[in-house]
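Enquirer: One structure, as C-alpha cells, below. Some questions next.
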Amino acid sequence: MTRRSTPGALDYLARAPLRLWLLATAVFLYAPLLTLILFSFNDSRRNIIWRGFTLKYYRLALTDSDLVAALGNSLTIALISTLMSLVLGALTALALWRFRFPGKTALEGALALPIVVPEICMGVAMLVFFSKVVPWPTEAPWPFNLGAIIISHISFSFSFVAVIVRARLQSFDPDLEAAARDLGAGTGRVFTSVLAPHMAPGLIAGALLAFTLSLDDFVITFFTSGPDTTTFPVKVYSMVRFSVSPEVNAASTLLMGLTVAVAAVAVWLGGARATSVALAGEGHGP
Amino acid sequence: MSARPIIALEGVTKRFGPTLAAHEVSLSVDEGEFFALLGPSGCGKTTLLRLLAGFEHPDAGRILIDGQDMSGVPPNKRPVNMVFQSYAVFPHMSVAENVAFGLKVDRVPAPERRRRVEEALALVKLEDLGARRPHQLSGGQKQRVALARALVKRPRVLLLDEPLSALDAKLREAMRGELAQLQRTVGVTFLFVTHDQEEALAMATRCAVMNEGSLEQVAAPRDLYERPASRFVADFIGQVNLFAGRLTRAADGGLSFVSPEISALIRVAAREAVGEGPAWMAVRPEEIDLAIGRAPVGATAGGVRLGGTVARISFLGSHSALEVLVGVRSLRVLRANRAGEGPGVGDEVWLSWRPEAAWILYR
C-alpha cells in the first residue's frame, strides 16, 4: 500500500475538493454572464426556453435608433471624461507628489471622497447642483447637452486616476530626475523623457478604469441625464422595466464585448511595459 | 602661464536645519587630478558634491568651476557631470539611448552623436551592448553606462558619488584600477566621494578628509597616511595607536613625550618645530616591532621599549593583528607572519619602534 505524499503548495489545486470549489466559484461568477450571452442568440421572445440560434435580436438592437443613440452618447461621454480625468488626475497626482503647500492634507482627503461617497449621494448632489446651482442647457446641440453627465463622470473618475498615478509616482527614483538635469535637460525635457515614461503604466491603468467606470455608470448618470441625453445603461434599464427582451440581451452582450476589448487592449499595452518595469526590479505596473 | 584650479570652493557653508553639512569649506582642485573626498557617512561629502553639481546652493561662500562663479547656474548649465551612487540609468531607454541622452538635449547632430556614443561605449568596454535594456545589465555594467553617459558630454569635471559602493568586493577591486586607468585616458578631472579610505588611497592623486562638515586635511594619500594632521585623520585613515599626554623639553634640549597611559618616557624625534604642551602621540600598528621575551634592560637609541603580554591574536594570512597589553593600555600591533614562529596568547613580549615612526598631534 502506498501513501500519497503531502502535496506541495501548488499541488493543492490538484485535490478534488479544491477543484470543485474552484469550479463552483467560476460557475457563480460567470454563469449569469454566459446565460445572458447565450439567450441573446435565442430565437424566442421569451427568455425561458431555447428555440434555436438567431442573430435577429442583434439586428433589432442595432436598428433601434434610441438604443444606438444611447450607445453613442455613452461612448462620447466615456471618451471625453476619460481624457479630461486623465489630465486632471495626472496633474493632481504630480502636485501632491512634488510640492508642499497649505491644505495639502485636506486635498488628499478630498481626493478620496468621490471614491468612498455612496454613488446615490453623488447622484443626488449632481441633480441638485445642475438643476439649482448651475442649470445646464439641455437643449444645447450634441454633444454639449451631455456636459452635465461628462462633468459628473469626471468628478468621480479623476480621483481614481489621481490615486493610481500618485501610487506610481511613489516608486520614482529622484536620482533619475537629477541625472537628466545633470545631463542638460530643462524642466520640460525632464518631464517628457524621464517622468512621463515612468508614469505611463499608471496613466494606462487610470484611463482604463476611468473609461469603464464612465461607460457602465448608472446611478449618477440616471440623476443627471435628461430625456434627450440617455446613456446606454440608463436606456437598458428603461427597456428592462417592461420586459427582459432578447434585444436587451444582445445590446448588453455587445457592451460587454466592447468593455472586454478595451480592457484587453489596455492590459496588452500596459502589460508589455509592466513586464519590462517588473524585470527592472522596480515599481508596479497596472 | 599659471595653472588655474578647475574647482575652487571659497568658504562654502551649507546648513540643513540644525545640521551643518559644510562649514566654511575652502578647497581647490587642479586640472587633471583624481581627487577624493573622504569621510564617514554624514560628514557632508555628498553635500559638497551636490553643491558642485548644482542640486544644492551654498548658504555662504562661492563655488568656481573653471574660473566661472556658479551661483545661480542650474545643474543643466554647469560644465560638470555626475555619476550617481544608484547609477540612475534611465530604465526605459537602451544603453545607447542612455548615453546619447545628454547629446540629444544639446542638439548634437545625429552623425556626430552616433560617433561619440560609440566612442564612449568603447571607452567603458560596452561596445557590444548598445541595444541592451538596463534591466538586462549587471550592476557593474550599469555603472559603465552611467560613466559613458557622463563622459560623452566631455565635462570639465566628472563627479562620482560613491562609485564603487554598490559593487561586490571582487568587482570593486577590479574597478579601482579601471577607473584610475580611465581617468588617465580621458584626462578629465575626476572628483569622487567615498567613505572607504582604502578606495581613496588606492585611486586618488589627492584626498580631502572631511569630518562634520569641515575639511580636516587635504593631502596626497601617502602624506595622509604618514603625516596625518589630526587625531581624526590618523584614526580614519588606517589604524593607529593613540596616546594622550604632554610634550616636555628634556635637559639636553630634546623633546620627550610623557603619557600617563604608558609608564614610559618616550623620546620624540624633532621632525617639526614643536613646543611643550598637551599632545597626542600616534604610532601605526605595522611600525611597532615585537620581540618575544622580557625587555632587555638598558636604553636603546630611540628610547622606546615597552613590556607587555599578548591578549589576543587575529590571524590575517600574511599578517597577524595582535593586541598587546602594556600596563592598562592595549596596543595594536601588526606583524608579518613567518612559517612556524610567532607569539601565542599570554606570552610575554616587548615592543619598540623607531623614533621617526611616531608623530605628535596637537588636535
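Enquirer: So which residues in the stretch B:331-354 are closer than 19 Å to B:Gly307 by Cβ and not in a strand (DSSP E or B), if there are any at all?
Expert: B:Gly342, B:Pro343, B:Gly344, B:Val345, B:Gly346, B:Asp347, B:Trp353, B:Arg354
Enquirer: Within the stretch A:157-165, identify whether any single residue is touching a Phe, Trp or Tyr at 6+ places or on another chain (Cβ under 6 Å), of a type outside the set (S, T, N, Q) and buried (at least 16 other Cβ atoms within 10 Å of the Cβ), and answer yes or no.
Expert: So far as the stretch A:157-165 goes, no, none of its residues is touching a Phe, Trp or Tyr at 6+ places or on another chain (Cβ under 6 Å), of a type outside the set (S, T, N, Q) and buried (at least 16 other Cβ atoms within 10 Å of the Cβ).
Enquirer: Which condition does B:Arg156 not pass, out of (1) open to solvent by 60 Å² or more (accessible area, probe 1.4 Å); (2) in contact (Cβ under 8 Å) with a residue 12 or more places away in the chain; (3) more than 29 Å from B:Ser41 (Cβ to Cβ), if it passes all the others?
Expert: Condition not satisfied by B:Arg156: (3).
Enquirer: Something else: Can you name every residue in the stretch A:162-218 that is among the acidic types (Asp, Glu) and either in contact (Cβ under 8 Å) with a residue 60 or more places away in the chain or more than 14 Å from chain B (Cβ to nearest Cβ) (or both)?
Expert: A:Asp173, A:Asp216, A:Asp217
Enquirer: Let me ask you something else. Does B:Ala202 meet the test of being modelled with pLDDT under 85 and open to solvent by 60 Å² or more (accessible area, probe 1.4 Å)?
Expert: So B:Ala202 passes the test.
Enquirer: Which one is farthest from the chain's Cα centre (by Cα), of the residues in the stretch B:179-219 that are under 14 Å from B:Pro163 (Cα atoms) and among the β-branched types (Val, Ile, Thr)?
Expert: Selected residue: B:Val193.
Enquirer: Which one is nearest to A:Ala69 (Cα to Cα) among residues in the stretch A:239-257 that are open to solvent by 60 Å² or more (accessible area, probe 1.4 Å) and touching a residue at least 60 places away in the same chain (Cβ under 8 Å)?
Expert: A:Leu254
Enquirer: Report, by residue number, each residue of the stretch B:77-95 that is farther than 19 Å from B:Val188 by Cβ and either open to solvent by 30 Å² or more (accessible area, probe 1.4 Å) or of a type outside the set (Gly, Ala, Ser) (or both).
Expert: Listed by number, the residues that qualify are B:Gln85, B:Ser86, B:Val89, B:Phe90, B:Pro91, B:His92, B:Met93, B:Val95.
Enquirer: Suppose the filter is open to solvent by 10 Å² or more (accessible area, probe 1.4 Å), closer than 30 Å to B:Cys43 by Cα and not aliphatic (A, V, I, L, M); does B:Gln141 pass it?
Expert: yes
Enquirer: Condition first: more than 14 Å from chain A (Cβ to nearest Cβ) and more than 13 Å from B:Ala21 (Cα to Cα). Now tell me which residues in the stretch B:36-68 satisfy that.
Expert: B:Ala36, B:Leu37, B:Leu38, B:Gly61, B:Arg62, B:Ile63, B:Leu64, B:Asp66, B:Gly67, B:Gln68
The values are calculated or read from the model by the stated rules, or taken from the named source; none is laboratory data. Every value quoted in this text rests on a predicted model; they were computed, and no experiment measured them. Here Cβ is always computed from backbone atoms with ideal geometry, including for glycine, and neighbour counts include all displayed protein chains. Side chains included, ligands, DNA and RNA excluded: accessible areas come from the protein's heavy atoms. Shrake-Rupley method; radii C 1.70, N 1.55, O 1.52, S 1.80 Å.
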